[in-house]
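Structure first, commentary second.
The numbers here are math on the coordinates, done by the rules we state, and not lab data. Worth saying up front: this structure is predicted, and the values here are computed from it rather than measured. Here the Cβ positions follow ideal geometry from the backbone for every residue, glycine too, while neighbour counts run over all protein chains shown.
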Amino acid sequence: MIIRTENEGRLNFSIVEATADIGVNSVTWQDIKSEIGVGKFFEKVAFRKLKGGERDVEFFSKLDDFLEEVWEHQYGLSLSKIASRLG
């Protein structure tokens with residue numbers, strides 16, 4: 001998820017991601033852009049714009065709640081998780 005705030009400027013923004021070692025966390029574009037390209041840590045970066053409703057106070061409140069809930073939580077996939085979803 002890309003989050004841009006007024007104080008970061010147009011060419012810098014935060015990227016919220018889930019990684020295996022840290023869990024849900026963020027990094028700024030300025031911090032990782034030098035790591036993108038052939039032969040580097042990230043070969044390429046892709047994004048898709050989210051189309052949604054109004055980004056009002058309620059939207060940002062729910063976003064804050066969500067990020068607070070998942071921050072630094074690690075993700076994982078196991079056979080028991082798959083089996084529980086299949087019923």
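Things worth noting here:
- The helix-based estimate of mean residue ellipticity at 222 nm for the chain, built from -39,500 (n - 2.57) per DSSP H run of four or more residues and divided by its residue count, is -8500 deg cm²/dmol to the nearest 500.
- For Lys44, a cut-off of 19 angstrom between C-alpha atoms picks up these aspartates and glutamates, skipping any fewer than 8 places away in its own chain: Glu17, Asp31, Glu35.
- Sparsely packed GluC sites (Glu not before Pro) within the chain, loop by DSSP, other Cβ within 10 Å at most 15: Glu43, Glu54, Glu72
- Couplings for the stretch 64-69, taken from phi via the Karplus curve 6.51 cos²θ - 1.76 cosθ + 1.60 with θ = phi - 60°, read 4, 4, 4, 5, 5, 5 Hz in order; Gly and Pro are left as x.
- Phi-based couplings in Hz for the stretch 42-51 (Karplus 6.51, -1.76, 1.60; Gly and Pro marked x): 10, 6, 7, 10, 10, 9, 10, 6, 8, 9
- Over the chain, relative contact order from alpha-carbon pairs under 8 Å, at least 6 apart, %: 27 percent
- Scattering profile of the chain at q = 0.14, 0.16, 0.21, 0.22 Å⁻¹ [log10 I(q)/I(0), Debye over alpha-carbon scatterers]: -0.71, -0.89, -1.22, -1.26
- Annotation: amide H of Phe13 within the under-5 Å range of Trp29, Gln30, sequence separation 5 or more or interchain, hydrogens built in the peptide plane.
- GNM result for the chain, Cα springs below 10 Å: residue of Val70, Val38, Val16 fluctuating most strongly: Val38
- Between Leu63 and Phe42, the contour length at 0.36 nm per residue exceeds the alpha carbon distance by 4.9 nm.
- Taking Gly52, Gly37, Gly23 as the candidate residues, the one with maximal mean-square fluctuation in a Gaussian network model of the chain, Cα springs under 10 Å, is Gly52.
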